[in-house]
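For reference, the structure is listed below as structure tokens.
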Amino acid sequence: MMVRNMVIGMLIVTVIAPIVLYTDRLGTFQSYSSSTNEYIEDVTTFAFNGNSGRLNLLPQESSTKIKEPIGVVLFDNLVQSLPNSGDVVKESSTDAGNSEKDWQLGESRDHVSARVLYTTNDEVRSQKDDNPINEVTDRGQEGDQEKPEVIDNEEEGKEEAVDADSQEIQQKFDDVSEDMEVKQKQTTETSSRVEKREPRKTRPEKQNERTAIPDARVRHLKDQLVRARVYLSLPGTRNNPHFTRELRVRMKEVQRALGDASKDSELQRNAYDKLKAMELTLAKGKQIQDDCAAAVKKLRAMLHSTEEQLRVHKKQTVFLTQLTAKTLPKGLHCLPLRLTTEYYSLNSSEQHFPNQDKLEDPQLYHYALFSDNVLAAAVVVNSTITHAKDPSKHVFHIVTDRLNYAAMRMWFLVNPPGKASIEVKNIEEFTWLNASYSPVLKQLGSQSMIDFYFRNHRTSSDSNLKFRNPKYLSILNHLRFYLPEIFPKLHKVLFLDDDIVVQKDLSPLWSLDLKGNVNGAVETCGESFHRFDRYLNFSNPLISKNFDPRACGWAYGMNIFDLKEWKRQNITDVYHSWQKLNHDRQLWKLGTLPPGLITFWKRTFPLDRSWHVLGLGYNPSVGQREIERAAVIHYNGNMKPWLEIGISKYRNYWAKHVDYDHVYLRECNLSP
């Protein structure tokens, strides 16, 4: 019982009496001690001014006043800005109460980093006037001068109690200062990183402000009109008349709202309503359009069908081009008939050519021309004589078939080549040229060749149409390999095709030294498709072992042949041997150039390119300067100058050597 009484007495002395005597100060110190831990965490949220005597706190701002995101405040002089612990303790109870209220502002424990608040001077003043915290702190400043006197008048025991409590606060405050130094270092490092990042955050905002699209609403309205026009052109819209009417009405409304405005400020007041209405209508239009996947499938089917039609049309084009090229025009068919009739009406004495004694004179310039086209042969002879320096030394040997023999003779009887000599022979006169002697004649009459030409279902590719040309069935095309047999007494012969035009004197060709070669020709390897691998089958070992696939090709059309070397090197036998090996057309297809390349392999002398210019029958890009410098121009290809499909800009070079006022040409309606 005595112990209980002693405890109660001690409680009265130690607890109740101080409460009664020091109510204000005790409350202040309890609040201070209870908020000390809070202060350690929230002190970084304070903003200090230049006055180190107390904390000048800004009021908590609402979210609408915050202009920047949460950042970290730099506490460069944090320790120095904190009030001295001794000063804090020695201040009056009123100042301590004010400080308590100031420290209680750091209520937000969720943010370790402070909020960076940007306010104008006016905002600061208004806040200072209106903020009740500032009013309290201002009153605290007014009572600062009275508090020292109050403390001096207090009893000595009271001062000792306050000093004891102040020492405890001093110790705690020193601990807080040490913690603040550590936090200051961390805060400084963090703030330095934020400073580096801040320009990245603010730069896009500045750019957005600078790149803001002016008059965006005007632009939007115009874009809506464009989209509406696109929708009107789509099948899904055309099939929906109700939506079409609605869309047209919206377009008119937008056009009226837009008017002549070029700025948003010039728009009508209802422009925004019209914009929203149009946007809803366009959204409907998007929904009623056809499915994209179905449209893609349909387009792919159309593309496949179009490609197939294109392939068929290309095949038809190739066939019709070949047909047109080899079909004799009506006028050219009329001409030989008319001439043949006239020839057989002549007396036998009138059917002979003059100067027959020059036909076998090796000292003259002899030309070999194998053709069944009367008008084409006439142009070759006329153009050659026109440019010859001494026409009397030029002799033309024309060989044709039985069908055109009378017409050819009649033409040159009526139109003699001036002082030049001419003869016309029928291929039927060459009795030595038969199937037993010539392998090509045997092949041309074989059943396989007949099937190849006349059974279309055997043709598997468009390229075969080229080789199914009827001229390959004519032995006239192969006579070039029998020149020594046709002209046994001549030394040199200039071979000419009937689709060439001579523009210069050709007599210098006879004085050329071919250096032991048989054939003098212009090479055509300037283009890749004029090499050996274009004409020969190098998958066959007979070809690959004997020839170079990249060797230069050369052109028929104007070739000077040394018949002495021909005979000495047995060129005709070489030709026959290769023709026999190609009985199944495995070494090359039909034609005369592939066997010519083989026969005259390493026996061809290259002539200067100006002697012979090719391509006027297929290449519209042959230069005019090149044509004018050429001694011979060649219309090789399907576009012959006497056909309607001929290249018009080259036709005059050929047509100027035709006398369209001639009676036979007028009767057959031949005109340039």
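Read the figures in this text as sums done on the coordinates, not as results from a lab. For clarity, every value in this text was computed on a predicted model and none was experimentally measured. Cβ atoms come from the backbone with ideal geometry, glycine included; neighbour counts cover every protein chain shown.
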Legend entry - Contour excess over end-to-end distance, with Cα ends at Glu628 and Leu323 and 0.36 nm allotted per residue: 106.7 nm
Inset, instruction - Work out how much length Glu428 to Ile19 would gain on full extension: take 0.36 nm times their residue separation and subtract the Cα-Cα distance, in nm to one decimal. - result: 131.9 nm
Legend entry - Entries in Lys222/Lys297; Lys326/Lys425; Lys425/Lys640 that, when Cα-Cα distance is taken, lie over 31 Å: Lys222/Lys297
Legend entry - Ratio Rg/Rh [Cα only; Rh per Kirkwood] for the stretch 217-288: 0.99
Inset, instruction - Could you please rank Val501, Val395, Val574, placing first whichever residue has the fewest other Cβ atoms within 10 Å of its Cβ? - result: Val574, Val395, Val501
Inset, instruction - For the stretch 503-513, just list the computed ³J(HN,Hα) in residue order, Karplus coefficients 6.51, -1.76 and 1.60, θ = phi - 60°, integers in Hz, with x standing in for Gly and Pro. - result: 10, 9, 5, 9, 4, x, 5, 6, 8, 6, 8
Legend entry - Positive minus negative residues near Gln586 (Lys, Arg vs Asp, Glu; Cβ under 15 Å): +3
Inset, instruction - For a footprinting-style exposure proxy, rank Ser448, Ser371, Ser345 by other Cβ within 10 Å, fewest first. - result: Ser345, Ser448, Ser371
Inset, instruction - Would you mind checking Lys252/Lys274; Lys393/Lys656; Lys389/Lys419; Lys492/Lys589; Lys567/Lys602; Lys442/Lys564 for any pair whose Cα atoms are more than 18 angstrom apart? - result: Lys393/Lys656; Lys492/Lys589; Lys442/Lys564
Legend entry - Shape call, the stretch 330-667: gyration tensor on alpha carbons, a/c limit 1.5: rounded
Inset, instruction - Multiply the residue gap between Lys489 and Met10 by 0.36 nm, knock off their C-alpha separation, and tell me the result in nm, one decimal place. - result: 156.3 nm
